[in-house]
Amino acid sequence: MVQFSTEAKAIAEKIIRRYPEGKQKSALLPLLHLAQAEFDGWLSVETMDYVAELLSIKPIEVYEVASFYTMFNLQPVGRYLIEICQTSSCWACGAEDIIEYLEGKLQIKVGQTTPDGMFTLKTVECLGSCGTAPMFQIGDKFHENLTLEKVDGILETCKTENKRSRYC
Amino acid sequence: MLGMTKKLLLALDHIEGISKLDVYRQHGGYAVLQKALKATPESLVEEVKKSGLRGRGGAGFPTGMKWSFLAKPEGVPRYLVCNADESEPGTFKDRYLMERIPHLLIEGMIISSFALGANTSYIYVRGEYYYIIKILEKAIEEAYAAGLLGKNILGSGYDLNLYVQPGGGAYICGEETALLESLEGKRGNPRIKPPFPAVAGLWGCPTVVNNVETIAAVVPIIQMGGDEYAKIGIGKSTGTKLISASGHINKPGVYEIELGLPVEEFIYSEQYCGGIRNGKKMKAVVAGGSSVPILPTELILKTAAGEPRLMSYESLGDGGFATGTMLGSGGFIVYDEDTSIVKNLFTFARFYHHESCGQCSPCREGTGWMEKILHKFIDGHATLADIDLLWDVQSKIEGKTICPLGEAAAWPVAAAIRHFRHEFEAYVNNPAAIKQVKHYYRLNKLEVVNS
Ligand SMILES: Cc1cc2nc3c(=O)[nH]c(=O)nc-3n(C[C@H](O)[C@H](O)[C@H](O)COP(=O)(O)O)c2cc1C
Ligand code: SF4
Ligand code: FES
């Protein structure tokens, strides 16, 4: 059975207290972020059922929310989830070249994970970093004004640190 | 006049450590709150009304008027929710403001909550900005410790709790009723209006939703008084505005401008965008975020009547959609002469299709259809009839949906065809040329290989 660590449990309880009596469902998005960070960067059915139990809501209420928002991964992802923006400003400043380079370098296509489980490459829409395009996000970190050399350095750092990326 | 813009929001952004409470206070931070807590809530609403401030989230609705619509039934809590979802392509000003001067937003939240009679307020931040959420939470913690939040703020008897709420990655949650649904822990499906949030918002209670920049602007307004603020800017476009400048310019970034600045000066002066990069010519501009009509160079610099175009709600809107555009969120994207308008439009169409919540068929089906037709163009197998089909599809969305996302998806398509039809024709007539243009088309699905 999945279980939050004692630390995560304390955070979850604090989050639930942000809302008035009986409105604990409002904690769903923050708790899904927390759960995703706790359990390898994705949400299994078991994890979602656990969150439903914590909030005393029906599992379906969790599934329908988790499947609506793009930040929640319903399948396993690599230790580093690279989310590259492909919208107008980034596109106009060369995002396609970065995508092509990443695909070549990692030997995967967008949407795939490297065989060693290290990197997943995903395209996303505008991340509010248009003035520093092209850019991608890995966990909560924005990598901006990307060049091919910069990409090399970032991937190397990931491999050395080998710590799963997370948002929260 | 060059160099004369009065900075009201970003006056302190370059001061080292300004994100910390003590530094912010050393520079006068929270003095306006002190002043506000001695005034009556009604008089604060009155100052905001007099200021002429218009919502900075995109729609430009007068803030004071919105505040005065807030219902005040006895014994029912009221809420202020700050919209920090910022997902309109081309827009990144709220992120800049929150990252650099988080306490300005917090001070604005406390003053505004006091003015509206809210004792609990939320800042809803898009989930992708998690590092900003951490900055805000740290600043809020500092404010609690200093007695600026919580019970009996600065001895005034006023109580306020302030929380940050993360989104989950959905542009539609920037629409205020979708945002409220999301804050209630649901899918971000916009609600049918009426009732408006001012009557039935968060958990069915009266609620005001305002953009980050709008709430931050309340601080200088209360500081200088509404009448003084209204003297800044031009006509009904009062005050200053944060502009997110991106694309093919020499100096992309966030600029605070006085409304009324000539567009030409904004693009070419060294103080702002610094002109087009690599010595290229400008081809087109999206002036207010992805949803507003794109304009070719001649129409962005001058109105159809030949007047210089100004950065204001009225001047950018001059000529309606036939020859004008909108100030919108202030997401200013500049494209150089080498840019393919059709492919750029395709990135917008893909965006709106991805972000449609799917409740209304004209939007759900229309956005997908527009993306598909545009994909035919960039793939080199569109026909001239597809231009008319695209026009036809976009024309059937506006006014037929629950929320404005549908028309926000349609307007850029209409504008691109209106001003750049020849480019669509070139894509049909000269497929060989298209082969030289790189393009990618991908689905956003995750697929796991060997793991
Ligand atoms: C599809 C859609 C997306 C929106 N996104 C945002 C947003 O990211 N930030 C924002 O402040 N307003 C956004 N808005 C506008 C809000 O609905 C609302 O008008 C605004 O938050 C009100 O605040 P203001 O009056 O201070 O501008 C969006 C509207 C629509 C229809
Ligand atoms: S217009 Fe589109 S995004 Fe808005 S409610 Fe309808 S389907 Fe959803
Ligand atoms: S277009 Fe890429 S971050 Fe905005």
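The values are calculated or read from the model by the stated rules, or taken from the named source; none is laboratory data. These figures come from a predicted structure and were not determined experimentally. Heads up, the Cβs are rebuilt from the backbone with ideal geometry, glycines too, and the neighbour counts pull from every protein chain shown. These accessible areas exclude ligands, DNA and RNA; they are computed on the full protein's heavy atoms, side chains included. Shrake-Rupley method; radii C 1.70, N 1.55, O 1.52, S 1.80 Å.
Give the residue that is nearest to ligand 3 (Cβ to nearest atom), with candidates limited to residues of the range A:114-131 that are more than 7 Å from chain B (Cβ to nearest Cβ) and surrounded by 18 or more Cβ atoms within 10 Å (Cβ to Cβ).
Looking only at the range A:114-131, we keep the residues that are more than 7 Å from chain B (Cβ to nearest Cβ), and these are A:114, A:116, A:118-119, A:121, A:124.
Subsequent filtering for residues that are surrounded by 18 or more Cβ atoms within 10 Å (Cβ to Cβ) retains A:114, A:119, A:121, A:124.
Details: A:THR114: 24, A:PHE119: 20, A:LEU121: 16, A:VAL124: 9 Å.
Looking at the filtered set, the residue picked out is A:VAL124.
Give the residues of the range A:79-113 that are part of a loop (DSSP other than H, G, I, E, B), touching a strand residue (DSSP E or B) at 6+ places or on another chain (Cβ under 8 Å) and within 9 Å of another protein chain (Cβ to nearest Cβ), sorted by residue number.
Hits for the range A:79-113 are A:GLN86, A:CYS93, A:ILE108, A:LYS109, A:VAL110, A:GLY111, A:GLN112.
Considering only residues that are more than 25 Å from B:GLY52 (Cα to Cα) and among the acidic types (Asp, Glu), look in the range B:218-276 and name the one that is farthest from the other protein chains (Cβ to nearest Cβ).
As a first pass, look at the range B:218-276 and keep what is more than 25 Å from B:GLY52 (Cα to Cα): B:246-253, B:264, B:267-276.
Narrowing the set further to residues that are among the acidic types (Asp, Glu) leaves B:264, B:270.
On the way: B:GLU264: 20, B:GLU270: 17 Å.
Result: B:GLU264.
Condition check ((1) closer than 20 Å to B:LEU21 by Cα; (2) within 16 Å of ligand 2 (Cβ to nearest atom); (3) part of a loop (DSSP other than H, G, I, E, B); (4) over 19 Å from the mean Cα position of the chain (by Cα)) across all residues:
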site	(1), (2), (3), (4)
B:ALA139	yes, no, no, yes
B:GLU142	yes, no, no, yes
B:LEU148	yes, no, yes, yes
B:TYR163	yes, no, no, yes
B:GLY169	no, yes, yes, no
B:GLU181	no, yes, no, yes
B:ARG191	no, yes, yes, yes
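For the range B:84-103, give me the residue count where each residue is assigned to a helix (DSSP H, G or I) and either open to solvent by less than 10 Å² (accessible area, probe 1.4 Å) or acidic (Asp, Glu) (or both). Full working, then the answer.
Start the filter on the range B:84-103 by keeping residues that are assigned to a helix (DSSP H, G or I), which leaves B:93-100, B:102-103.
Now narrow it down to the ones that are either open to solvent by less than 10 Å² (accessible area, probe 1.4 Å) or acidic (Asp, Glu) (or both): B:93-94, B:97-99, B:102-103.
Number satisfying all stated conditions: 7.
How many residues are more than 11 Å from ligand 3 (Cβ to nearest atom) and crowded, with 24+ Cβ neighbours inside 10 Å if we restrict to the range A:81-97?
Summing the residues that are more than 11 Å from ligand 3 (Cβ to nearest atom) and crowded, with 24+ Cβ neighbours inside 10 Å in the range A:81-97 gives 2.
Yes or no, residue by residue, for (1) assigned to a helix (DSSP H, G or I); (2) of a type in the set (D, E, K, R); (3) under 19 Å from the mean Cα position of the chain (by Cα); (4) away from every other protein chain (no Cβ under 13 Å):
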site	(1), (2), (3), (4)
B:ALA304	no, no, no, yes
B:LYS343	yes, yes, no, no
B:PHE348	yes, no, yes, no
B:TYR352	yes, no, yes, no
B:THR367	yes, no, no, no
B:LEU389	yes, no, no, yes
B:ILE397	no, no, no, yes
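Just to be sure, is B:TYR144 within 10 Å of another protein chain (Cβ to nearest Cβ) and away from ligand 1 (no atom under 16 Å from the Cβ)?
So B:TYR144 does not fit the description; no.
Could you please find all residues in the range A:39-69 being in contact (Cβ under 8 Å) with a residue 24 or more places away in the chain and open to solvent by 50 Å² or more (accessible area, probe 1.4 Å)?
Across the range A:39-69, the qualifying residues are A:ASP40, A:TRP42, A:GLU46, A:LEU54, A:SER56.
Determine which member of the set B:ALA59, B:ALA118 is at pLDDT below 95 and assigned to a loop (DSSP other than H, G, I, E, B).
Numbers: B:ALA118 fails: at pLDDT below 95.
Step by step, each of B:ALA59, B:ALA118 is checked, and only B:ALA59 is at pLDDT below 95 and assigned to a loop (DSSP other than H, G, I, E, B).
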